[in-house]
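In what follows, a single structure is set out as structure tokens and then discussed.
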């Protein structure tokens, strides 16, 4: 029975690395995978998923208007898809998560999503909220704060390493813009 999985973590937990390894495992056994990544994420080569440790694979880009169900239906006509992977799943819309649910339920294709749970203010992303509500299995990938505790929050920082507490919900960046912290250090940085 196919399932919808949501694997979430703070920044730098190895989400893309884990996704690419899982896709490789499927392909190594002769199965076809289909990879999605958010077109808004322009940190690396567009149309690819790249991990910090150098793993890389091409992927289909999705934007807020992309009908994932139609994309998968069309792709499945050419070659049977055995598993779908979604990187940067926090950028999915609620409607797109509903489309992924249909893929799982109607086509019996597992969908494995990887993304952030919360933004730099500690608020859920739309895609993450819908995945938390509908996923069959939810897994937390772990990373650590500078103090050694489990990091669960993503702090946006400026060019001097100071906390940014206001701004647009979405600002694409890596280690130059975000740092993963435990809840205590996250709130300390906000001046709690």
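Please treat every number below as a calculation from the coordinates, not as lab data. Here the structure is a predicted model, which means the values were calculated and not measured. Don't worry about glycine lacking a Cβ; one is built from the backbone with ideal geometry, like all the others, and counts go over all protein chains shown.
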Completion exercise
Checking rank on 75-88, 137-150, 111-124, 17-30, with mean other Cβ inside 10 Å and highest first, the result is 111-124, 75-88, 17-30, 137-150
Fill in the blank from the handout: Listed with the fewest Cβ neighbours within 10 Å leading, 102, 177 appear as 102, 177
Handout entry: Among 38, 64, 180: highest mean-square fluctuation, GNM of the chain, C-alpha pairs under 10 Å
Key = 64
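Calculate, for residue 146 and residue 82, the FRET efficiency according to 1/(1 + (r/R0)^6) with r their C-beta to C-beta distance and R0 45 Å; round to the nearest 0.05.
0.65
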Completion exercise
Applying the gyration tensor rule to the Cα atoms of the range 4-142 (axes a ≥ b ≥ c; rounded if a/c under 1.5, else prolate if a/b exceeds b/c, else oblate), the class is rounded
Practice task
Run the quick spin-label model on residue 95 and residue 138: label points 7 Å from Cα toward the beta carbon, then report their separation in nm to one decimal.
Solution key: 2.5 nm
Exercise for the section: Work out the FRET efficiency for residue 183 and residue 61 from their Cβ-Cβ distance, taking R0 = 35 Å, and round it to the nearest 0.05. Expected result: 0.60
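Normalising by the residue count of the chain, find the relative contact order in percent from Cα pairs under 8 Å and 6+ residues apart.
Working: 376 pairs, mean separation 53.5, N = 192.
Result for the chain is 28 percent.
Which value at 222 nm does the chain reach when only helices count, each DSSP H run of 4 or more adding -39,500 (n - 2.57), with the total divided by all residues and rounded to the nearest 500 deg cm²/dmol?
Details: 5 runs with 55 residues, N = 192.
Taking each H run of at least 4 residues, the total per residue is -8500 deg cm²/dmol.
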Handout entry: Values of log10 I(q)/I(0), in the order q = 0.18, 0.21, 0.29 Å⁻¹, for the range 64-117 under a Debye, Cα-only, solvent-free model
Key = -0.56, -0.76, -1.32
